[in-house]
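Engineer: Okay, here's the structure, questions in a sec.
The numbers here are math on the coordinates, done by the rules we state, and not lab data. No experiment lies behind these values; they were computed from the predicted model shown. Cβ placement follows ideal geometry from the backbone for every residue including glycine, while neighbour counts extend to all protein chains displayed.
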Amino acid sequence: MDRRQQKTRKAIFSAFSELLIKHSYSQITVQEIIDRADVGRTTFYAHFPTKDDLLREMCEELFEHVFSEEPEAEQTHDFSTAAGNFGAIITHILYHLREHEKTMLILLTCESGELFQRYFHQYFNGLVTDRILSGGERKNTIVPEDLLTEQISASFVNLVRWWLKNGMKQSPEEIAEYFTAMTQPII
């Protein structure tokens, strides 16, 4: 994708995020998005066939970065030296969620929140499979691995919802500790 296309997508994502903060998902029209992003209708539809596709791709882009295997040093945090450390990976994810608190809260609670949660859960399942359950000795061998993965991922999604609902008062490090305390006994 060339720089012009990247700039257009960024403008559309930004406009959509701003609108999500002010309006419910169902109330937002494509016209409002393109007006705020200052792009044409044809340009919007060249990138996103529907508003649902925009939401899906926005989630995918966010999750691909947040769940990347090699975290990069960023302005608010640096986990680049912690590659492979699961606690650090969880904390990195939580920092991103906190940075996008308003958007995350809206995405988790809007009418299309189920779609967002499904993508979030899917990406986290991959992380659990690749980083927690692969290669290590499990204490709990009675529960099938795919069920254990689902349980751990659901636990994280619910923890994030609780954290957002309660105003994100705890630090990402504290929430990561909560998650570890909840999941260690079942692994």
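Engineer: What does the charge dipole of the range 1-50 about its Cα centre add up to, to the nearest 20 debye, if the Cβ of each Lys and Arg holds +1 and the Cβ of each Asp and Glu holds -1?
Structural biologist: Roughly 200 debye for the range 1-50.
Engineer: Counting Lys +1, Arg +1, Asp -1, Glu -1, what net charge surrounds residue 162 among other residues with beta carbon under 13 Å of its beta carbon?
Structural biologist: So the surrounding residues net to +2.
Engineer: For each of 93, 186, count neighbouring Cβ atoms within 10 Å of the residue's Cβ, then give the residues from fewest to most.
Structural biologist: 186, 93
Engineer: Please work out how much length the chain gains when fully extended from residue 57 to residue 184, using 0.36 nm per residue of separation minus the C-alpha to C-alpha distance, in nm with one decimal.
Structural biologist: Contour length minus Cα-Cα distance gives 42.4 nm.
Engineer: Once R0 is set to 35 Å, what does the formula 1/(1 + (r/R0)^6) return for the Cβ-Cβ distance between residue 177 and residue 21, expressed as a FRET efficiency to the nearest 0.05?
Structural biologist: Between residue 177 and residue 21 the formula returns 0.75.
Engineer: In what sequence do 92, 47 fall when counting other Cβ within 10 Å, fewest first?
Structural biologist: Final ranking by Cβ density, sparse to dense: 47, 92.
Engineer: Residue 11: net charge of surrounding residues, Cβ under 10 Å, Lys/Arg +1, Asp/Glu -1, itself excluded?
Structural biologist: +3
Engineer: Once Lys and Arg get +1 and Asp and Glu get -1 on their Cβ, which of 5, 48, 24 lies farthest toward the positive end of the dipole of the range 1-49?
Structural biologist: Working it through, the farthest residue towards the positive pole turns out to be 5.
Engineer: Mind sorting 119, 95 by how few other Cβ atoms lie within 10 Å of their own Cβ, fewest first?
Structural biologist: With the fewest neighbours first, 119, 95 line up as 119, 95.
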